1. Exactly one condition in (1) part of a loop (DSSP other than H, G, I, E, B); (2) in contact with a strand residue (DSSP E or B) (Cβ under 9 Å, 6 or more places away or on another chain); (3) under 25 Å from CYS153 (Cα atoms) is false for VAL24; which is it?
2. I'm checking my understanding of the structure. Among residues of region 137-160 that are under 11 Å from the mean Cα position of the chain (by Cα) and open to solvent by 60 Å² or more (accessible area, probe 1.4 Å), which one is nearest to ILE114 (Cα to Cα)?
3. For region 9-30, give me the residue count where each residue is in contact with a Phe, Trp or Tyr (Cβ under 6 Å, 6 or more places away or on another chain) and either open to solvent by less than 20 Å² (accessible area, probe 1.4 Å) or touching a residue at least 40 places away in the same chain (Cβ under 8 Å) (or both).
4. I'm checking my understanding of the structure. Among residues of region 275-297 that are at pLDDT 95 or above and touching a Phe, Trp or Tyr at 6+ places or on another chain (Cβ under 8 Å), which one is most open to solvent (accessible area, probe 1.4 Å)?
5. What is the number of the single condition among (1) among the hydroxyl-bearing types (Ser, Thr, Tyr); (2) touching a strand residue (DSSP E or B) at 6+ places or on another chain (Cβ under 8 Å); (3) farther than 25 Å from SER218 by Cα that SER125 does not meet?
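The values are calculated or read from the model by the stated rules, or taken from the named source; none is laboratory data. Just so you know, these numbers come straight off a predicted model, no measurement behind them. We place every Cβ from the backbone using ideal geometry, glycine too, and count neighbours over all the protein chains shown. Only protein heavy atoms, including side chains, enter the accessible area calculation; ligands, DNA and RNA are left aside. Shrake-Rupley method; radii C 1.70, N 1.55, O 1.52, S 1.80 Å.
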Amino acid sequence: QTIVSYSFSHCTSLSGTLTIPASVTKLSSHSFEYCSNFSNLALNGQLQIINEYSFSHCTGLTGTLTIPDSVTQIGASSFEYCENLTFLSLGKSVKTVGKSSFSHCFSLNGLLTIPETVTDIGTNSFELCSGLTSVTFQNSKIDIIRWGAFSRCSGLKGELEIPDTATEIGSYAFELCTSLTSVKIGKKVNFIGSSCFVGCSGIEGKLTIPKTVRTISSKSFQSCTKLTTVEFEQEQQEEEVMSESDSLVLLSVNSNAFEFCSSLISVTFCERLNYIGSNAFTNCSCLFGSLSIPDRVY
């Protein structure tokens, strides 16, 4: 039922199609790591767990990788540097996509669909998958998009929609996704990590920050050079009477958050804003007109 750790690691002469038989339910860590010459992978419909580094650096793998519907866990770095894979289909039962699991899969292209079963996308999980053109969160239950999850996916284009279930967008999550043209932030997001969208130079027009957001970290939107308008959603009128001791309702815009947004012409703050960090809007040379800053800001 299990292929144990390192069973076929560095078997560089394996070629053709690798078929995992129906009797196998678990692939242990490093099981086929650096098997660089087999070109096709057939995973059976009984497999449940793909552990860390199982197929790391299997650079000969080409074409479509189909994760069976039986798989619930894709471990850390399990397919990292499988740089010739061209399409990924995640099974309908996957719950966890591990850290760096598909990082540096440069040739993955087209649409990536994250199934509704996925609750955790690990750190750097799709880093440098520069061929991906769009990512869709299907009826998502995701709470956190972790650090660097889609960092430097420069092929992602059009609108990125962060699911309404997400409460946190981790640091560097979408850094240098230079082909994105707009971002819709989910209605429950309360934390936007540092350098989250840094260098997303294609994002243009209006960015709306939902009223749930409490922290915009340093450099979150630095060098979004086509962004023209930032609007912070206001609380409902009945919610605007806030206790000064209730710090959870307040909003911080930290250092360099919108620095070098050189096309930014308008910023509309909300009444719950209480902190603007150093250089938050430095080199926003197109800002003009009136700017209203709430009295509580320090």
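1. Condition (3) is where VAL24 drops out.
2. For region 137-160, the residue satisfying everything is ARG146.
3. 2
4. Step by step, filter region 275-297, then rank; the result is ASN283.
5. (3)
Let's see how each residue does on (1) part of a strand (DSSP E or B); (2) more than 15 Å from ASN44 (Cβ to Cβ):
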residue: LEU65; (1), (2): yes, no
residue: ASP69; (1), (2): no, no
residue: ALA76; (1), (2): no, yes
residue: THR86; (1), (2): yes, yes
residue: GLY91; (1), (2): no, no
residue: VAL94; (1), (2): no, yes
residue: LYS99; (1), (2): no, yes
residue: HIS104; (1), (2): no, yes
